[in-house]
Amino acid sequence: MHAVAMKLFIDTGSVAEVEEVAGWGVLSGATTNPSLLAKEGGDPGEIVMRICELVDGPVSAEVVSSEAGGMLAEGRALAGLHRHVVVKVPFSAAGLAATRDLTAEGIRVNMTLVFSASQAVLAAEAGATYVSCFMGRVDDISIDSTAVLGEIVETLRGSEAQVLAASLRHPMHTVAAAKLGCEVATVPGKVLRQMLQHPLTTSGIERFEADWRSRPEFADWLGGLVAGAR
Ligand code: E4P
């Protein structure tokens with residue numbers, strides 16, 4: 001049972017970053033894309049498989065062909081890498097056709113680069129498990145991403161497709177996605193680290209530690225308690 005309805009994926013091509021954040025116990029999956037993988041050294045297949053093991057949940061790996069036949073062949077091959085792989089397919093007419101065929105074979109699809117409710121309707125109808133709606137890139141062109149995402153969530157309500165908030169640039173994008181009712185948000189490592197921070201948490205911990213140290217006998221008591229519990 002999750003504390004909030006929205007699941008968190010990490011948006012990255014970095015195994016080291018997944019290793020770091022997977023230890024927090026908050027990740028349900030991951031997304032990669034060609035740009036993120038191109039920033040990393042090493043074999044992309046090995047990276048995707050290692051991320052699959054680390055997150056033990058859905059990991060999106062993207063096709064790069066522009067026609068349906070190529071997407072289908074790449075999608076089948078990517079899905080064969082690991083049971084957790086979800087095939088990421090860019091939105092287009094060819095992408096919709098490939099999504100229909102891949103899902104008919106039992107391969108899960110994350111339809112990406114969705115920017116409007118009308119595109120989301122088509123992606124869901126083609127059988128996509130996840131519909132990736134980009135927030136940051138919408139804000140970049142001076143369109144309110146929360147309005148667009150809210151309309152997509154409302155439009156897909158009752159559909160089997162899950163709305164996946166992507167292109168998140170700061171913690172408030174994550175909060176907005178949760179408040180709007182997205183099933184998943186894929187969050188870059190940098191933003192996840194920002195979500196950890198609050199000055200009052202830092203100062204609060206410092207105060208508790210200092211007050212505890214002001215009573216040295218407390219450390220002996222707690223040490224004994226821990227040893228007895230082992
Ligand atoms: C989605 O899965 C994409 O990988 C990603 O969120 C794109 O984000 P960007 O706009 O920061 O490149």
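Helix 93-104 axis versus longest C-alpha principal axis of the chain: approximately 70°, rounded to the nearest ten. Anisotropy class assigned to region 102-230 is prolate, per the alpha carbon gyration tensor with a/c at or over the 1.5 cut-off and a/b larger than b/c.
Label-to-label distance, S66 versus A219, with points set 7 angstrom from Cα along the beta-carbon direction: 6.6 nm. Under 5 Å from the amide H of V86 lie the amide H atoms of V59, S60, A61, each residue being 5 or more positions distant or on a separate chain, with H modelled from the backbone and absent for Pro and chain starts.
For region 35-69 versus region 105-145, the spacing of their alpha-carbon centroids is 19 Å.
Scanning the chain for GluC sites (Glu not before Pro) in DSSP loops with at most 14 neighbouring Cβ atoms within 10 Å leaves 161-230 as the longest stretch between them.
Over region 15-84, the Kirkwood radius and the radius of gyration, each from Cα atoms, give a ratio Rg/Rh of 0.99. On a per residue basis, the chain carries 52 Å² of accessible surface, using protein heavy atoms and a 1.4 Å probe. Ranked from largest to smallest solvent-accessible area, with a 1.4 Å probe on the protein heavy atoms, K7, K39 come out as K39, K7.
In plain terms, the chain from D144 to S203 could stretch by 17.7 nm, reckoned as 0.36 nm per residue minus the Cα-Cα distance.
Report in % the part of the accessible area of the chain that belongs to carbon and sulfur, leaving out ligands and nucleic acids; probe 1.4 Å. Heavy-atom surface of the chain belonging to carbon and sulfur, 1.4 Å probe: 57 percent.
Of the two radii for region 35-142, the radius of gyration is 0.97 times the Kirkwood radius, both from the alpha carbons; that is the Rg over Rh value.
Globularity index of the chain is 1.20 (Cα radius of gyration / 2.2 N^0.38 Å, N = number of residues).
Using a Förster distance of 45 Å, how high is the FRET efficiency between A210 and A73, based on the Cβ-Cβ distance and rounded to 0.05? The value I calculate is 0.15.
The values are calculated or read from the model by the stated rules, or taken from the named source; none is laboratory data. Note that the structure is predicted; figures quoted are calculated from it, not measured. Methodologically, a virtual Cβ is constructed for each residue, glycine included, from the backbone with ideal geometry; neighbour enumeration extends over all protein chains shown. For the accessible areas, the whole protein counts, side chains as well, though only heavy atoms, and no ligand, DNA or RNA atoms are used. Shrake-Rupley method; radii C 1.70, N 1.55, O 1.52, S 1.80 Å.
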